[in-house]
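Before any comments, here is the structure.
The values are calculated or read from the model by the stated rules, or taken from the named source; none is laboratory data. Only a predicted model underlies this, so the values are computations on that prediction, with no experimental measurement involved. For neighbour counting, all protein chains shown are included, and Cβ atoms are generated from backbone atoms with ideal geometry for every residue, glycine included. With ligands, DNA and RNA removed, areas are computed over all heavy atoms of the protein, side chains included. Shrake-Rupley method; radii C 1.70, N 1.55, O 1.52, S 1.80 Å.
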Amino acid sequence: MSESPSPSRVALKKITPDVSAAMGSLHAVAVSAAQEAKLEPELLELVRIRASQINGCAFCLDLHTRDARERGETERRIHTLNAWRETPFFTERERAALALTEAVTLVHDGRVPDAVYAEAAGVFDENQIAALIWAATVINAYNRIAIATRMVPKN
(Lines give C-alpha, C1' and ligand atoms only; values in the text may rest on other atoms or scores of the structure.)
Protein backbone atom coordinates (compact mmCIF):
# COMPACT_ATOMS: atom_id res chain seq x y z
CA MET A 1 0.00 0.00 0.00
CA SER A 2 1.47 3.34 -0.98
CA GLU A 3 0.86 6.64 0.67
CA SER A 4 -0.64 9.43 -1.36
CA PRO A 5 1.19 12.75 -1.31
CA SER A 6 0.21 15.16 1.44
CA PRO A 7 -2.21 17.84 0.42
CA SER A 8 -0.71 21.30 0.33
CA ARG A 9 -1.08 23.16 3.58
CA VAL A 10 -2.52 26.57 4.27
CA ALA A 11 -0.20 29.57 3.99
CA LEU A 12 -0.99 31.18 7.34
CA LYS A 13 0.73 34.50 6.64
CA LYS A 14 -1.25 34.86 3.43
CA ILE A 15 -4.62 33.67 4.74
CA THR A 16 -4.47 35.22 8.22
CA PRO A 17 -1.99 38.10 8.00
CA ASP A 18 -3.35 39.87 11.09
CA VAL A 19 -2.97 36.78 13.27
CA SER A 20 0.50 36.10 11.84
CA ALA A 21 1.49 39.71 12.55
CA ALA A 22 0.16 39.40 16.11
CA MET A 23 2.27 36.27 16.59
CA GLY A 24 5.30 38.16 15.30
CA SER A 25 4.53 40.97 17.75
CA LEU A 26 4.25 38.49 20.62
CA HIS A 27 7.63 37.08 19.67
CA ALA A 28 9.17 40.58 19.54
CA VAL A 29 7.73 41.55 22.94
CA ALA A 30 8.93 38.27 24.47
CA VAL A 31 12.43 38.91 23.10
CA SER A 32 12.33 42.44 24.54
CA ALA A 33 11.24 41.10 27.93
CA ALA A 34 14.16 38.65 27.88
CA GLN A 35 16.59 41.46 27.00
CA GLU A 36 15.19 43.68 29.77
CA ALA A 37 15.50 40.77 32.21
CA LYS A 38 19.13 40.39 31.13
CA LEU A 39 18.73 36.80 29.92
CA GLU A 40 21.57 35.70 27.70
CA PRO A 41 20.59 35.32 24.01
CA GLU A 42 22.60 32.08 23.95
CA LEU A 43 20.46 30.68 26.75
CA LEU A 44 17.30 31.56 24.85
CA GLU A 45 18.57 29.66 21.82
CA LEU A 46 19.07 26.57 24.00
CA VAL A 47 15.48 26.98 25.21
CA ARG A 48 14.21 27.24 21.62
CA ILE A 49 16.23 24.25 20.45
CA ARG A 50 15.17 22.05 23.37
CA ALA A 51 11.45 22.79 22.94
CA SER A 52 11.79 22.18 19.21
CA GLN A 53 13.53 18.84 19.86
CA ILE A 54 10.71 17.72 22.11
CA ASN A 55 8.08 18.80 19.59
CA GLY A 56 9.93 17.36 16.60
CA CYS A 57 9.94 20.62 14.67
CA ALA A 58 12.58 20.30 11.95
CA PHE A 59 12.07 23.85 10.68
CA CYS A 60 12.65 25.45 14.10
CA LEU A 61 15.51 23.08 14.93
CA ASP A 62 17.30 24.10 11.75
CA LEU A 63 16.68 27.80 12.36
CA HIS A 64 17.67 27.88 16.02
CA THR A 65 20.69 25.60 15.79
CA ARG A 66 22.01 27.92 13.08
CA ASP A 67 21.26 30.95 15.28
CA ALA A 68 22.97 29.26 18.26
CA ARG A 69 26.09 28.53 16.20
CA GLU A 70 26.19 32.17 15.07
CA ARG A 71 26.13 33.15 18.76
CA GLY A 72 29.11 30.89 19.43
CA GLU A 73 27.39 27.73 20.63
CA THR A 74 29.47 24.57 20.16
CA GLU A 75 28.47 21.58 18.09
CA ARG A 76 29.11 19.34 21.07
CA ARG A 77 26.55 21.11 23.25
CA ILE A 78 24.00 21.32 20.44
CA HIS A 79 24.39 17.60 19.71
CA THR A 80 24.01 16.60 23.35
CA LEU A 81 21.25 19.04 24.28
CA ASN A 82 18.60 16.31 24.14
CA ALA A 83 20.59 14.50 26.87
CA TRP A 84 21.57 17.57 28.89
CA ARG A 85 20.90 15.86 32.21
CA GLU A 86 23.52 13.19 31.43
CA THR A 87 26.31 15.57 30.40
CA PRO A 88 28.59 17.96 32.29
CA PHE A 89 28.35 20.53 29.48
CA PHE A 90 25.60 22.78 30.83
CA THR A 91 25.69 25.29 33.68
CA GLU A 92 23.34 25.33 36.64
CA ARG A 93 21.46 28.26 35.04
CA GLU A 94 21.15 26.46 31.73
CA ARG A 95 19.95 23.29 33.46
CA ALA A 96 17.27 25.21 35.35
CA ALA A 97 16.13 26.93 32.15
CA LEU A 98 16.07 23.64 30.25
CA ALA A 99 14.08 21.89 32.99
CA LEU A 100 11.57 24.74 33.02
CA THR A 101 11.34 24.66 29.22
CA GLU A 102 10.70 20.92 29.25
CA ALA A 103 8.01 21.31 31.91
CA VAL A 104 6.26 24.08 29.97
CA THR A 105 6.55 22.12 26.71
CA LEU A 106 5.27 18.91 28.31
CA VAL A 107 2.70 20.62 30.53
CA HIS A 108 0.18 17.92 29.63
CA ASP A 109 2.35 15.48 31.62
CA GLY A 110 1.31 17.00 34.91
CA ARG A 111 1.89 20.73 35.00
CA VAL A 112 5.10 22.52 35.90
CA PRO A 113 6.33 20.70 39.02
CA ASP A 114 7.08 22.79 42.10
CA ALA A 115 10.61 21.39 42.22
CA VAL A 116 11.32 22.56 38.65
CA TYR A 117 9.95 26.01 39.41
CA ALA A 118 11.92 26.20 42.67
CA GLU A 119 15.11 25.22 40.84
CA ALA A 120 14.53 28.05 38.35
CA ALA A 121 13.71 30.48 41.17
CA GLY A 122 17.03 29.59 42.76
CA VAL A 123 19.02 30.96 39.83
CA PHE A 124 16.67 33.41 38.09
CA ASP A 125 14.75 36.41 39.37
CA GLU A 126 11.01 36.82 38.73
CA ASN A 127 11.52 38.89 35.57
CA GLN A 128 13.84 36.25 34.17
CA ILE A 129 11.45 33.41 35.02
CA ALA A 130 8.62 35.31 33.35
CA ALA A 131 10.78 35.87 30.26
CA LEU A 132 11.76 32.19 30.16
CA ILE A 133 8.11 31.11 30.39
CA TRP A 134 7.25 33.48 27.54
CA ALA A 135 10.19 32.25 25.46
CA ALA A 136 9.10 28.63 25.94
CA THR A 137 5.48 29.51 25.19
CA VAL A 138 6.33 31.38 22.00
CA ILE A 139 8.63 28.67 20.60
CA ASN A 140 6.02 26.02 21.40
CA ALA A 141 3.44 28.06 19.45
CA TYR A 142 5.84 28.47 16.54
CA ASN A 143 6.61 24.73 16.62
CA ARG A 144 2.93 23.94 16.33
CA ILE A 145 2.49 26.38 13.45
CA ALA A 146 5.48 24.97 11.56
CA ILE A 147 4.41 21.37 12.15
CA ALA A 148 0.74 21.97 11.27
CA THR A 149 1.69 23.72 8.02
CA ARG A 150 4.54 21.31 7.26
CA MET A 151 7.23 23.95 7.03
CA VAL A 152 10.57 22.42 6.10
CA PRO A 153 14.07 23.82 6.35
CA LYS A 154 15.50 25.27 3.16
CA ASN A 155 18.54 23.66 1.60
Assuming Ser8 fulfils every condition listed in (1) more than 28 Å from Val123 (Cβ to Cβ); (2) in a helix (DSSP H, G or I); (3) open to solvent by 60 Å² or more (accessible area, probe 1.4 Å) apart from one, which condition is it? (2)
Please go through the stretch 51-66 and give me each residue that is open to solvent by 40 Å² or more (accessible area, probe 1.4 Å) and farther than 20 Å from Ala96 by Cα, ordered by number. Gly56, Ala58, Phe59, Leu61, Asp62, Leu63, Arg66
Out of the stretch 24-50, which residues are surrounded by fewer than 17 Cβ atoms within 10 Å (Cβ to Cβ) and not in a loop (DSSP other than H, G, I, E, B)? Gly24, Ser25, Leu26, His27, Ala28, Val29, Ser32, Gln35, Glu36, Pro41, Glu42
List pairs: first residue in the stretch 8-22 and at pLDDT 95 or above, second residue open to solvent by 100 Å² or more (accessible area, probe 1.4 Å) anywhere in the structure, Cβ distance under 8 angstrom, at least six positions apart or on different chains. Ser20/Lys13
What's the total number of residues in the stretch 77-86 that are touching a Lys or Arg at 6+ places or on another chain (Cβ under 9 Å) and surrounded by 12 or more Cβ atoms within 10 Å (Cβ to Cβ)? 4
Which one of these does Arg85 not meet: (1) farther than 18 Å from Ile129 by Cα; (2) under 15 Å from the mean Cα position of the chain (by Cα)? (2)
